[in-house]
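See structure below.
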Number of protein chains: 2
Amino acid sequence: MDDKVQVKQNRIDNIMTRFKGLGYRITPQRMAIVDILIQDANHPTVEQVYQKVRNDFPMTSRATVYKTIGLLKDMGEISELNISNSSSHYDGFNSEKHPHLVCNCCNEIIDLAEDVFGQVPQEAVQQHGYILQGHYVTIYGICPKCQELSKS
Amino acid sequence: MDDKVQVKQNRIDNIMTRFKGLGYRITPQRMAIVDILIQDANHPTVEQVYQKVRNDFPMTSRATVYKTIGLLKDMGEISELNISNSSSHYDGFNSEKHPHLVCNCCNEIIDLAEDVFGQVPQEAVQQHGYILQGHYVTIYGICPKCQELSKS
DNA sequence: CTACATGCAAACCCTTTGCAGGCTG
DNA sequence: CAGCCTGCAAAGGGTTTGCATGTAG
């Protein structure tokens, strides 16, 4: 348990170091935004990040959230999930490495273990002469909680 | 070859019959839109469908295309691909059954064979108590044509 | 005559951008 | 003082909606 917390903290520190190295500044808001994206296992949307940052920094604007998330995306530190056609969700870890399980009812998004699909994408791609760059897997279903709710 | 054409034609006929059964009318424009979505293997966007319909029906508006595609989506006859965060692509066949291979360079989208992943999604989902409803797989890479182009 | 179909324009949502002012190094 | 950071408001792109008109059954 403490290990996981430590891993995330290290990740945040690394990101901040890279940030600095690229000539960007580390501000309290940015710290908070990065924190939310990495700590939060819920793959938040920009709006959700925005609301959370505002708990601590009420003056924060959406533009700042968008801009910071844009930087992190360009740095390859977070990835964008195109789960639905409305707003994008963001994953603080590499989304190509693990599938996502989405509840069609409450929209909960949970991470599945890495490498469930092994070499399958590589083999599938080679047949078509493609060079593999990544793969995204989204599985849809109904979560246990929503199954319960639908019974009553 | 002729088989494939026949399969698609049957599919179009079935959709039209369902359309009628639901109380909707079959108009030349709608015929054309359904035709494009089913015949076209390129997973077109609304804009692309719009442009194509306009070849035959220059007065067609975007709204009509959106509304017709909306109906087909609700009927479960076509599926929406959230490949990128910009405009949606539409697949005339069940997208849960086959992965898509997308070229990061020219944005070509091709269908891979069905069932590449077998029972993997089912197993992954059961561990979390979910009821499986579907899964979407998108694999990204560089297609042979773009590999050639980048060499020169 | 009722109900659906169409085109237009406006509204909407999410995201990006430009700009003026503020702050950091 | 150069350059990044912020908030605001405006613009942008894709999609949806309301309404008046048209048309099929």
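Values in this text are rule-based calculations from the coordinates and carry no lab data. Please read these numbers as outputs of a predicted model, since none were measured by experiment. Note that we place each Cβ from the backbone using ideal geometry, even for glycine, and neighbour counts take in every protein chain shown.
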**OP:** Sequence neighbours fewer than 8 away in the same chain don't count; with that in mind, list the lysines whose C-alpha is under 29 Å from A:K73.
**Re:** A:K4, A:K8, A:K20, A:K52, A:K97, B:K145, B:K151
**OP:** List the relative contact order of region B:66-152 as a percent without decimals, with contacts defined as Cα pairs under 8 Å and 6+ residues apart.
**Re:** 25 percent
Original post:
Charges only on Cβ, +1 for Lys and Arg, -1 for Asp and Glu: so what's the dipole of region A:62-152 about the Cα centre, in debye to the nearest 20?
Top reply: 360 debye
**OP:** Please list, in chain and number order, the residues 5+ apart from A:C105 or on another chain whose amide H is under 5 Å from its amide H, with Hs placed from the backbone.
**Re:** A:C143
Subject >> Chain A residue with Cβ closest to the axis mapping A onto B, distance in whole Å >> reply: A:N82, 2
Subject >> Dipole moment magnitude, nearest 20 debye, region B:100-151 about Cα centre, only Lys, Arg, Asp, Glu C-beta charged >> reply: 220 debye
Original post:
Of all DSSP beta bridges in the protein assembly as shown, what percent run antiparallel (nearest 5)?
Top reply: 75 percent
**OP:** Provide an ascending nm list, one decimal, of label-point separations from B:D111 to the equivalent residue in each further copy; define each label point as 7 Å from Cα along Cα→Cβ.
**Re:** 3.4
Subject >> Cβ-based exposure ranking for A:Y66, B:Y130, in which fewest neighbours within 10 Å come first >> reply: A:Y66, B:Y130
**OP:** Take chain B, connect every pair of alpha-carbon atoms lying under 10 Å apart with a spring to form a Gaussian network, then pick out the residue of B:N85, B:N107, B:N42 with the largest mean-square fluctuation.
**Re:** B:N85
Original post:
Taking the simple approach of a point 7 Å from Cα along Cα-to-Cβ for both B:K151 and B:E114, what is their distance in nm?
Top reply: 3.7 nm
Original post:
Charges only on Cβ, +1 for Lys and Arg, -1 for Asp and Glu: so what's the dipole of region A:18-125 about the Cα centre, in debye to the nearest 20?
Top reply: 720 debye
Original post:
Of A:C143, B:V125, A:G21, which is farthest along the charge dipole of the protein assembly as shown in the positive direction, counting Lys and Arg as +1 and Asp and Glu as -1 at C-beta?
Top reply: A:G21
Subject >> Stretch gain in nm, segment A:C106-A:I26, where the contour uses 0.36 nm per residue and the Cα spacing is subtracted >> reply: 25.3 nm
Original post:
What nm distances, shortest first, do you get from the label point of B:T27 to those in the other copies when the point sits 7 angstrom along Cα to Cβ?
Top reply: 5.1
**OP:** Pull up the DSSP beta bridges for chain A and report the antiparallel fraction as a percent, rounded to 5.
**Re:** 65 percent
Original post:
What's the center-to-center distance, using Cα atoms, between region A:90-131 and region B:76-127 in Å?
Top reply: 12 Å
Subject >> Contact order relative to length of region A:15-88, as percent, for alpha carbon pairs under 8 angstrom and 6 or more apart >> reply: 26 percent
Subject >> Candidates B:V65, B:V120, B:V53, ranked by Gaussian network fluctuation over chain B, Cα under 10 Å, top entry >> reply: B:V120
Original post:
Between A:E148 and the same site in the other copies, what are the distances in nm, shortest first, taking label points 7 Å from Cα along the C-beta direction?
Top reply: 5.8
**OP:** Provide the per-residue ³J(HN,Hα) series for region B:92-101, in order, calculated from phi with Karplus coefficients 6.51, -1.76, 1.60 and θ = phi - 60°, each as a whole number of Hz, with x at glycine and proline positions.
**Re:** x, 10, 5, 6, 7, 9, 9, x, 10, 10
Original post:
When chain B is modelled as a GNM with alpha-carbon springs shorter than 10 Å, which of B:H89, B:H98, B:H128 fluctuates the most?
Top reply: B:H128
Original post:
Which ³J(HN,Hα) values in Hz, rounded to whole numbers, follow from the phi angles of region A:77-87 under the Karplus curve 6.51 cos²θ - 1.76 cosθ + 1.60, where θ = phi - 60° and Gly and Pro get x?
Top reply: 8, 10, 10, 8, 9, 9, 6, 10, 8, 8, 6
